[in-house]
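Q: One structure, pasted below without further comment.
The values are calculated or read from the model by the stated rules, or taken from the named source; none is laboratory data. On a predicted model such as this, the values are computed, not experimentally measured, just so you know. For neighbour counting, all protein chains shown are included, and Cβ atoms are generated from backbone atoms with ideal geometry for every residue, glycine included.
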Amino acid sequence: MYAVNYHRASSVAEAASLLGKGEAKLLSGGMTLIPAMKTRLAAPSDVVDISRIGELKGITVSGNTVTIGAATTHAEVATSADLKKAAPAVADLAAHIGDPHVRHRGTIGGSVANNDPAADYPAALLALNATVVTSSREISAGDFFTGLFETALRDGEIVTAIRFEKPEKSAYQKFPNPASRYAMTGVFVAKGSDGVRVAVTGAGDNGVFRQEDMEKALAQNFGPSALDGVSVSPDGLMTDIHASAEYRANLVKVMAKRAVAKAG
C-alpha cells in the first residue's frame, strides 16, 4: 500500500489551492479514480474530496436555463422533478447509467471531466449545446471534449456546473454493454432554438461527436423516416471486442431513429 494524503475541501477555492500539492487528484464520486488507484493505474500523492461542497450541488431551472451542479449525483439528476419537466431526456439518461451504486455515488461533473468515450453525459451536453462552467471560465461543450479521456480543462481547473437551455424536444437512446451498461453506441437528439443537433457516444475512435448528416435531414423533417436515406460510414468508428465499426455504424442509425421517435 502506498501513502496518500486525503483532503476534504469545504469550498471550490480551497479545492483549487489543494490541487497544487504534489500529484493531487480530485475525488467526487470516485467511480473512476478509486478503481484506478486500486489497480495502481493512478497513484496520486494527494486526493482532494469535493463531494461535500455545497456550492457544487443541486439543480436549478430559471426561465429556460437549466443549471446542474458538478457534484450532483446521477441519481439526483434522474429523480429531479424540476429536471423531468425542463429536460426529461437528461433525467432519463441518468436513470440508465450503471447500477444503483454507481448512480448514487457517481456525479455529472466527474463523468464530464473524465470524458470516457462510452459515457452518456457527453452526448447530452454536445446535443444540447451546453456550457461547462469551471472554477475559472465557461467552455462550450463543442470545445470542451477534445479526445479520448481528454478535455479542455487546464491544470488546477475544476468543473463546477453544467448549464444548458431547455430543448423543445430531446431524447437519448443507447445500446448498452450488458455487463457494464456503458454505451456501445448512444445517440442524443435535441431540437431547440438553434436547430437540431445529434450527438453520438460510445462509437467514435476519438470519443463523442456530432452526426451532421442526420442533423440536416431532421432539420427538414423531425421524424424517424427522415433518417432512412442517411448513410452512416464506419470510417472513424471504433472496432473492439464488443463490436466492429460496421456494426456500430448500423447502431448509430438505429439508436438515432429510436431517439427521434421517443422525442417526437
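Q: Might you let me know whether the range 120-127 holds any residue that is out of contact with any helix residue (DSSP H, G or I) (no Cβ under 7 Å at 6 or more places or on another chain) and surrounded by fewer than 20 Cβ atoms within 10 Å (Cβ to Cβ)?
A: no
Q: May I pose another question? Just need a number here: residues in the range 208-236 that are outside any helix (DSSP H, G or I), at pLDDT 95 or above and of a type outside the set (Ser, Thr, Tyr).
A: Here is the first cut: in the range 208-236, the residues outside any helix (DSSP H, G or I) are 208-211, 221-223, 228-236.
Add one more test, that the residue is at pLDDT 95 or above, and what stays is 208-211, 221-223, 228, 230-236.
With the extra rule that they be of a type outside the set (Ser, Thr, Tyr), the set shrinks to 208-211, 221-223, 228, 230, 232, 234-236.
Residues that pass the stated criteria total 13.
Q: Could you please find all residues in the range 62-114 being among the charged types (D, E, K, R) and under 19 Å from residue 186 (Cβ atoms)?
A: Of all residues in the range 62-114, those among the charged types (D, E, K, R) come to 76, 82, 84-85, 92, 99, 103, 105.
Selection gives 92, 99, 103.
Q: In addition: When the range 46-68 is examined, which residues are found to be touching an Asp or Glu at 6+ places or on another chain (Cβ under 7 Å) and within 14 Å of residue 108 (Cα to Cα)?
A: Once the filter is applied, which keeps residues that are touching an Asp or Glu at 6+ places or on another chain (Cβ under 7 Å) and within 14 Å of residue 108 (Cα to Cα), the range 46-68 yields only 59.
Q: For the list (1) within 26 Å of residue 192 (Cβ to Cβ); (2) surrounded by fewer than 21 Cβ atoms within 10 Å (Cβ to Cβ), I need the number of the one condition that residue 38 fails.
A: Here residue 38 meets the rest and fails (1).
Q: Out of the range 131-164, which residues are in contact with a Ser or Thr (Cβ under 9 Å, 6 or more places away or on another chain), within 14 Å of residue 121 (Cβ to Cβ) and of a type outside the set (Phe, Trp, Tyr)?
A: 131, 132, 141, 159, 161, 162, 163
Q: Which residue pairs have Cβ atoms under 8 Å apart, sit 6 or more places apart or on different chains, and have a first residue in the range 211-239 that is under 19 Å from residue 124 (Cα atoms) and a second that is surrounded by fewer than 12 Cβ atoms within 10 Å (Cβ to Cβ)?
A: Close Cβ pairs (under 8 Å, with a partner that is surrounded by fewer than 12 Cβ atoms within 10 Å (Cβ to Cβ)) amount to 213/231.
Q: Okay, next question. For the range 156-191, how many residues are out of contact with any helix residue (DSSP H, G or I) (no Cβ under 9 Å at 6 or more places or on another chain) and in a strand (DSSP E or B)?
A: Residues flagged as out of contact with any helix residue (DSSP H, G or I) (no Cβ under 9 Å at 6 or more places or on another chain) and in a strand (DSSP E or B) within the range 156-191 amount to 3.
Q: For the range 63-155, please list each of the strands (runs of 3 or more DSSP E) lying entirely inside it that holds at least 1 residues being in contact with a Lys or Arg (Cβ under 7 Å, 6 or more places away or on another chain) and touching a residue at least 24 places away in the same chain (Cβ under 8 Å).
A: Numbers: elements: 65-69, 131-134, 138-140, 145-147.
So the answer is 65-69, 131-134.
Q: So which residues in the range 85-135 are at pLDDT 95 or above and either among the aromatic types (Phe, Trp, Tyr) or at positive phi (or both), if there are any at all?
A: Answer for the range 85-135, where residues must be at pLDDT 95 or above and either among the aromatic types (Phe, Trp, Tyr) or at positive phi (or both): 115, 121, 129.
Q: Please state which one of 55, 76, 14 is charged (D, E, K, R), buried (at least 19 other Cβ atoms within 10 Å of the Cβ) and either modelled with pLDDT of 95 or more or touching a Gly at 6+ places or on another chain (Cβ under 8 Å) (or both).
A: On the way: 55 fails: buried (at least 19 other Cβ atoms within 10 Å of the Cβ); 14 fails: buried (at least 19 other Cβ atoms within 10 Å of the Cβ).
Answer to the check: 76.
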